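Right, one structure below, let's go through it.
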Amino acid sequence: NYTTYSSGTLANAASGYTNLAGNGDWIASGQAFFVQAANAASGTASVTFQESDKISSVPPNTQYFGAAIEKMLRVGLKTTTNTNLDEIVVRFRANGSPVYNAAIDATSLNTGSQVLAALKGKNRIAIATLPQTITNDTAQLAVTSSTIGSYRLVFSDYAGLDNSISIVLRDKFLQTTQDIRSNQQYDFKITNDTASQGSNRFDVIFTAGNPLPVSFTNIGVSKVNNSAIVKWQVANVATIASYSVERSIDGNKFVGIATTQATKATSYSVADNQLPAGVNTVYYRIKSIGVDGAVSYSSIASLITQNSAVNTIAIYPDPVKESLNISWMNATSVTYKLRVLSVAGKEVMSKQVASTNLTKLSIPATSLASGVYMLELTDEHGNKQQQKFVKE
């Protein structure tokens, strides 16, 4: 991946550095880098470094390249175990523009398996600069992945934005919204549906002086006997009329199953007594309906309804050189699917295990490149267990 720098802001700061100006904006002797010219079409683009730009000591924490705290939002694309995949920054400055400007917007050079970019027209941007005065601004995000799977958006570094400015993530694929200030991470899935990734799924909406009618601070679901108990907590509830509990069997399409009137309470609970038959995982979300008809959604909570035939996985040796030995307990499933995934979520090995008595397995690891991998074992109900290991 690439660390990107533009006028005091960094995205994807290298290991050992921070994203603060003055720590990650120094280029070590012998390092390679790209400079994007603002007027490359003229054929006269150039860049000049002065002798005074050099340092001979450890890079200091200075404000040489700009203000220490500025109006911005940092968005990270990660795995659900918080492995970093990509990162972008949306910032607000006096010379910012809603359209692409090569002088103030830094193009994303990432062409990896998972890519996050801000969009201005057709331009994919790592650091996007919008106008400093925030009224009702939207940053369009593009998320792409070469493999389907579960991912996470993480939001940070928005301390410079006044609290009167609401920051909302809109997922147009699932038709949901999330208040970023009250929940700084958003888990989502990229599926075989082409609309689950690309340029038209996510927006971040910045609105001045118009906070959301409600903030969902927590949502959870647990199984009690044959029912699912959905619980959620809220804040800023004065203008809410009711809540609708919605259920899905695929995490994409939701239907309402219960409605409860809003009170001044901050905690609610609803029982789902009619769990779908033959479904391994059920998903829930809460839809709030304001007195003015405004709608907002919580994040999604999931419940595994089947008893897993996979319990504990043991991997040895770790790190591994030649053969990876795997053992597990309570192997009551008829078949298992074993996969080895890279940290980016790409499948590098797959094997079907068909035995009710088999509790140990050895697979060759010599073909794996050195690095960190995830072993995934899935039973016939779709229940999964994962274990990380290192290949020397």
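So the values come out like this:
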{"read-out": "Probe 1.4 Å, all protein chains present, accessible-area order of 305, 263, 144, 111, largest first", "value": "111, 263, 144, 305"}
{"read-out": "Estimated vicinal HN-Hα couplings, Hz - region 292-305 in sequence order (Karplus 6.51, -1.76, 1.60; Gly, Pro = x)", "value": "9, x, 5, 10, 9, 10, 7, 6, 9, 10, 10, 9, 7, 8"}
{"read-out": "Region 88-131: trypsin sites (Lys or Arg not before Pro) in DSSP coil with no more than 10 other Cβ atoms inside 10 Å", "value": "122"}
{"read-out": "Residue-normalised accessible area of region 76-207, expressed per residue, 1.4 Å probe, Å²", "value": "40"}
{"read-out": "Length-normalised contact order of region 183-302 in % [C-alpha pairs under 8 Å, at least 6 apart]", "value": "26"}
{"read-out": "Accessible area of residue 272 in the full protein assembly, 1.4 Å probe (Å², nearest 10)", "value": "10"}
{"read-out": "Surface/4 of the Cα convex hull for region 78-139, nm²", "value": "4.9"}
{"read-out": "Between region 180-202 and region 221-246, the Cα center-to-center distance that results, in Å", "value": "22"}
{"read-out": "Values of log10 I(q)/I(0), in the order q = 0.10 Å⁻¹, for region 174-280 under a Debye, Cα-only, solvent-free model", "value": "-0.37"}
{"read-out": "Relative contact order [Cα under 8 Å, 6+ residues apart], region 77-120, whole percent", "value": "47"}
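The values are calculated or read from the model by the stated rules, or taken from the named source; none is laboratory data. What you see is a predicted model; the values in this text were computed from it and never measured. Cβ coordinates were reconstructed from backbone atoms using ideal geometry, including for glycine residues, and neighbour counts include every protein chain displayed. Protein only, heavy atoms only, side chains kept; ligands, DNA and RNA dropped before computing areas. Shrake-Rupley method; radii C 1.70, N 1.55, O 1.52, S 1.80 Å.
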